[in-house]
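A.B. asks: Have a look at this one before I ask anything.
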Amino acid sequence: MTVKATELRKGMVLQKDGDLLLITDYSHATPGNWRAIIQVKTRSLMSGSTGQFRPAAGDQFETAYLDKRQCQYLYQEGNGDRVFMDNESYEQFQLPEDSTGGKMAFVKESDVIEITFHETTAIGIELPTNVVLEVTESELAVKGNSATGVKKDAVLETGHKLKVPMHINVGEKVKVNTDTGEFMGRAQE
């Protein structure tokens, strides 16, 4: 489907020069009696690089159709690729490490997550804003340090390292923000 530059909106995905570009910011201004100025900021879904361009008001763009499917994470290959299985067709496929955007630090084996496809190619993963993971390693708390809000290092069951308050111990489940990778609180059982 083609759209004019004036119909572009934040969140749309364009097919341009063999790449898929997610519109991250869009501004349309008409200063006084001048022509319209359109500024579009994008992020490549293939490489992750960002860019911007200024199309003319009459320019046409091809929008991409993206499909989201529930898939199960199976394991990691020796080269870093991640192997997933589509929950409907039971087909297995691989995603390179760079296309996951570092979000695999919050995914355990056998977790079901949403994967974005363009035609038949998997291009990225979608995670919930928060996930609950178990602490597998942490430093011992020193008595008297908790009054100042000091944080200690901890390692989660996926191998992700983060800072947690001194009262968090090994075996506890914590809530982690998948966008920032930061501790949000103890998980409610």
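The values are calculated or read from the model by the stated rules, or taken from the named source; none is laboratory data. Please read these numbers as outputs of a predicted model, since none were measured by experiment. Cβ atoms come from the backbone with ideal geometry, glycine included; neighbour counts cover every protein chain shown.
A.B. asks: Free of Cβ contacts under 8 Å to residues at least 40 places away in the same chain, in contact with a Lys or Arg (Cβ under 8 Å, 6 or more places away or on another chain) and either in the same structural domain as residue 71 (by TED's automatic domain parsing) or surrounded by 13 or more Cβ atoms within 10 Å (Cβ to Cβ) (or both): does that describe residue 115? Working first, answer last.
C.D. replies: On the way: free of Cβ contacts under 8 Å to residues at least 40 places away in the same chain: no; in contact with a Lys or Arg (Cβ under 8 Å, 6 or more places away or on another chain): yes; either in the same structural domain as residue 71 (by TED's automatic domain parsing) or surrounded by 13 or more Cβ atoms within 10 Å (Cβ to Cβ) (or both): yes.
Criteria not met by residue 115.
A.B. asks: Given 50, 24, 63, 6, which one is β-branched (Val, Ile, Thr) and farther than 26 Å from residue 128 by Cα?
C.D. replies: Details: 50 fails: farther than 26 Å from residue 128 by Cα; 24 fails: farther than 26 Å from residue 128 by Cα; 63 fails: farther than 26 Å from residue 128 by Cα.
Matching residue, one of 50, 24, 63, 6: 6.
A.B. asks: Okay, moving on. If you scan the stretch 60-74, which residues turn out to be of a type in the set (Ser, Thr, Tyr) and either assigned to a strand (DSSP E or B) or over 14 Å from residue 120 (Cα atoms) (or both)?
C.D. replies: First, pick out the residues of the stretch 60-74 that are of a type in the set (Ser, Thr, Tyr): 63, 65, 73.
Correct list: 63, 73.
A.B. asks: Name, by its number, the condition in (1) at pLDDT below 85; (2) in contact with a Leu (Cβ under 9 Å, 6 or more places away or on another chain) that does not hold for residue 162.
C.D. replies: Tallying (1) at pLDDT below 85; (2) in contact with a Leu (Cβ under 9 Å, 6 or more places away or on another chain), residue 162 fails exactly one: (1).
Quick grid of which residues meet (1) under 30 Å from residue 158 (Cα atoms); (2) surrounded by 13 or more Cβ atoms within 10 Å (Cβ to Cβ); (3) assigned by TED's automatic domain parsing to the domain that holds residue 7:
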{"position": "22", "(1), (2), (3)": "yes, yes, yes"}
{"position": "29", "(1), (2), (3)": "no, no, yes"}
{"position": "44", "(1), (2), (3)": "yes, yes, yes"}
{"position": "75", "(1), (2), (3)": "yes, no, no"}
{"position": "90", "(1), (2), (3)": "yes, no, no"}
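A.B. asks: Which residue pairs have Cβ atoms under 8 Å apart, sit 6 or more places apart or on different chains, and have a first residue in the stretch 37-50 that is more than 14 Å from residue 10 (Cα to Cα) and a second that is assigned to a loop (DSSP other than H, G, I, E, B) and among the hydrophobic types (A, V, I, L, M, F, W, C)?
C.D. replies: none
A.B. asks: Just checking, which of 100, 121 is of a type in the set (Ser, Thr, Tyr), closer than 20 Å to residue 160 by Cα and not assigned by TED's automatic domain parsing to the domain that holds residue 18?
C.D. replies: Result of the check over 100, 121: 100.
A.B. asks: Let me ask another. Take the residues in the stretch 1-59 that are part of a loop (DSSP other than H, G, I, E, B), polar (S, T, N, Q) and in contact with a strand residue (DSSP E or B) (Cβ under 8 Å, 6 or more places away or on another chain); name whichever of them is farthest from residue 122 (Cα to Cα). If you could, list the steps in order and put the result at the bottom.
C.D. replies: Going residue by residue through the stretch 1-59, those that are part of a loop (DSSP other than H, G, I, E, B) are 1, 8-12, 17-18, 30-36, 45-49, 54-59.
Retained after the next criterion (residues that are polar (S, T, N, Q)): 30, 33, 47, 49.
Applying the additional criterion that residues be in contact with a strand residue (DSSP E or B) (Cβ under 8 Å, 6 or more places away or on another chain) yields 30, 47, 49.
Details: 30: 39, 47: 13, 49: 18 Å.
Checked the stretch 1-59; the qualifying residue farthest from residue 122 (Cα to Cα) is 30.
A.B. asks: Output the residues belonging to the stretch 165-189 that are exposed (fewer than 15 other Cβ atoms within 10 Å of the Cβ), at pLDDT below 90 and among the hydrophobic types (A, V, I, L, M, F, W, C).
C.D. replies: Scanning the stretch 165-189 gives no hits.
A.B. asks: If a residue must be acidic (Asp, Glu) and either in contact with an Asp or Glu (Cβ under 9 Å, 6 or more places away or on another chain) or at pLDDT below 90 (or both), how many such residues does the stretch 60-97 contain? Talk me through it step by step, then tell me what you get.
C.D. replies: Initial filter on the stretch 60-97 (acidic (Asp, Glu)): 62, 67, 77, 81, 86, 88, 91, 97.
Narrowing further to those that are either in contact with an Asp or Glu (Cβ under 9 Å, 6 or more places away or on another chain) or at pLDDT below 90 (or both): 67, 77, 81, 97.
Total satisfying the criteria: 4.
A.B. asks: When residues of the stretch 99-118 are filtered for being touching a strand residue (DSSP E or B) at 6+ places or on another chain (Cβ under 9 Å), under 21 Å from residue 134 (Cβ atoms) and not β-branched (Val, Ile, Thr), how many remain?
C.D. replies: 8
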